[in-house]
1. If you average the sequence gap of Cα pairs under 8 Å that are 6 or more apart and divide by the length of region A:82-197, what percent do you get for the contact order?
2. Under 19 Å from the Cα of A:LYS191, which lysines turn up, not counting those fewer than eight places away in the same chain?
3. Which residues, if any, in region B:127-148 have at least 40 Å² less accessible area in the whole protein complex than in the isolated chain, probe 1.4 Å?
4. Take the alpha-carbon centre of region A:1-28, take the same for region A:80-136, and report the distance between them in whole Å.
5. Express the C-alpha Rg of region B:1-127 as a ratio against the empirical globular expectation 2.2 N^0.38 Å, rounded to two decimals.
6. Taking the protein assembly as shown as the region of interest, what is the percent of Cα-Cα pairs per 20 angstrom bin, listed from the shortest bin to the one with the maximum distance?
7. Quick check: the distance between the Cα centres of region B:126-154 and region A:458-520, to the nearest angstrom?
8. So what are the three principal axis dimensions of region A:126-211 from its Cα atoms, in whole Å, longest to shortest?
Amino acid sequence: MRFEGPAAVAARREELARKDPDVRTLRVCGGPGCLASGSRELLAALKEAAVASGLDPAKRRISFTGCLGLCERGPLLELDPEGHFLRGVAPSDAAEVVGTALGEGKLVPRLSPNPESPEKESLEFYGPQKRLIMRRFGKIDPESFDDYLATGGYEALVISLFESGPAETLRRVAESGLRGRGGGGFPAGLKWKAMTGAKGTPRYVLANGDEGDPGAFMNRSLMEGDPLAVVEGLTIGAFALGAERGIIYVRNEYPLSVARLEKAIAGARARGLLGENILGTDFSFDLSVTEGGGAFVCGESTALMASIEGREGTPRVKYVRSTEAGLWDKPTVLQNVETWANVPLIAANGPEWFKGIGAKGNPGTKVFSLAGETRNTGLVELPLGTKVGVLVNVVGGGVRKGRRFKAIQSGGPSGGCLPESALELPLDFDHLTEAGAMMGSGGIIVMDDLSCPVDVARYFTGFLAEESCGKCVPCREALPVLREVLSDLTRGSGRKGDTDFLEKQAGLLKETALCGLGQSAANPVLSTIRHFREEYLEHESGYCRSGRCRGLYVPVIDPGACRACGSCQKVCPAGAVGGKKKEKRTVAAGKCVGCGACLKACAFFAIRAERKEHVG
Amino acid sequence: MPKTNPGAPEAVDLTGLRGLLESRPPEARELLPLLRDIQTRYRHLPEEAVRGLSEYLGLPLARVYAVSRFYKSLSRVPKGERLVKVCLGTACHLRGAPALLEALEGKLGLALGETGKDGRFTLESVNCVGACALAPVVMLDDEVHGKLNDESLADLPL
Ligand SMILES: Cc1cc2nc3c(=O)[nH]c(=O)nc-3n(C[C@H](O)[C@H](O)[C@H](O)COP(=O)(O)O)c2cc1C
Ligand code: FES
């Protein structure tokens, strides 16, 4: 099984390429969204149907694959090689899908979102995307080493080891301008160069798979969809940096990521692509996985290292850089898993190629998880520099019918909210930071007119107050205070001047906290105040125009706009909506419990959240 | 200093403990992995196991306590037979997770973080299970239930 040199790898790849041309594969999306909509049951039903219909399992295959992206319409399927894309497939469809699609390579029109042009690329959701990191999602079984190899896997390592050498490999990464995908956007090459002069052995390369952003799953999808790309990236990095050991640190909640990575590592080791004398060279490197224990702060670089060492995962002051004294005080380079997955692409194709994608100073693509109030949500990969508006209105298909766009929140708890003007902004590290948000890990939440910026700020501040490790005073003390004031505002006990107070305290926190958690914790507060100050002031006087904060508004139905459909009445849990069939409805303010259900249910914009005082 | 939980049944059968510990080398960096192993096996960290671990790794008990208190996945109190986890991630928050949590608290008679007296359920929160498109979601052990509303909540096997 062991590859003794590059020729053996090439031979095996060729052998796989010569596979029977008549093979057809149904790939079932195994991304977290589709798993939740039942793709595991679907896979079982499909396999059963295939056995029942007597298809030759060597030629008609069924397997899981990485996230196909359009989670909203799951479970999703892709037929290889036809490229047919099916959505909303239920176990009860299994017999038909197996017979028509897998058996005959024909389309099942009723399961296709666009039967005229059945590839997924024809959908607006996929149109503007460029799937590089996700290029194997839908094309391979993430647990199959052969699938990885057959799709160009380990070409880059061979080039690095036998053509480039360590110095050229490092130069490629440095000149590519690759920036860290974990949030900070720090140039990877600068970090790598800083390690070259460092002393001490062993040297470490680490991958950050902690994915702490509470509304994001792109790193998870990568580790589960193409784990070997992370492994190969780390191996190439280790070669360039002279590292002997690598560790992938994975968030506690991701058992499937751990299993897939471990399987990938075992597969690479068995083939001599990890371990002693890789591909017969004198380069030796091995890799393992460490699981976190459930603490957001462990995503921070120094805390992550403390956690691997078996201590409490609290950050330290960075007098000394990790590239000189990191894990166990040895030279260490830490990158996000997506950063590592970019490395094989750059090592193989060179820096010029990479710089040709994305925007100036922001080369390459970025995976985003798009969630919130757009019509389409899911996992998206775009060239950096794509306009925010393209993400929201083309990929996302705009906000849901009858609603108005209000803001995007990007970067999770360290990021911020941006208003409508942001739709013109290029989606890259620099523009978002300048606007007071942050790229962060790539979590993007779209907010409509029923989402309240004060509530969102309270949400993230509450999250961070819980997650603050308590080591430094500003973070430990300020976050609960901010949370308290924000909670007051959203509960109707706000005071005049609260907004100014928040602004001042958040500003102080930003300047004095020890680590990135506290330093960026102010962003959700400051950015929402900056762009939605008026709504903050309204909350001071007990009014929430978004109809989100309970008790801070009364729903009022505009008789001119009401079409008497009754959907508000149906969803009201308190019986506060009056009016008979075919009559225009009204709300009895006294009975309203302020849940906001009617506002969401009205498709005609007929219900407004009014100030209580204005309603008799 | 964490106390042992007075209500916790300390009569845990620890016969397998030795083997569990020895499945990993006695090195400091195995502290968190071993704590996780113990948590998985016993659904909490029994006092005796924590002491055994401290001895096995040759680490001060204080350090083992400190680490076991730091990480949220570790618990000194036994967890229920089934874990009910409400997603409080961003997307779920925006689509009504707070109200869902309230409803679940009422249904189970438990506040967030509590385990029922009968030991059947523990109510916890998670942050994003990757099913944002199906928000709001609840996990029952490893099963994800999405697009929850009052009706579908009533259908959950609780
Ligand atoms: C509180 C906090 C949490 C963080 N969480 C993560 C995380 O979950 N994943 C990640 O890759 N980086 C996270 N980071 C950034 C890391 O400290 C580090 O910069 C990053 O892993 C470096 O890799 P990159 O340059 O490839 O992004 C976090 C930083 C802070 C301050
Ligand atoms: S926020 Fe709940 S699944 Fe993502």
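The values are calculated or read from the model by the stated rules, or taken from the named source; none is laboratory data. Quick caveat: nothing in here was measured; it's all calculated off a predicted structure. No Cβ is skipped: glycine too gets one built from the backbone with ideal geometry, and neighbour counts run over all protein chains shown. Ligands, DNA and RNA are stripped out before the accessible areas are found, and what is left, the full protein with its side chains, is counted by its heavy atoms. Shrake-Rupley method; radii C 1.70, N 1.55, O 1.52, S 1.80 Å.
1. Over region A:82-197, the number comes to 14 percent.
2. Candidates past the 8-residue exclusion: A:LYS199, A:LYS318, A:LYS330, A:LYS355.
3. B:ASN127, B:CYS128, B:GLY130, B:CYS132, B:ALA133, B:LEU134
4. 25 Å
5. Against the empirical 2.2 N^0.38 Å value, I get 1.19 for region B:1-127.
6. 16, 49, 32, 4, 0
7. Each part's Cα centre sits 29 Å from the other's.
8. For region A:126-211, the Cα spread along each principal axis is 43, 32, 25 Å.
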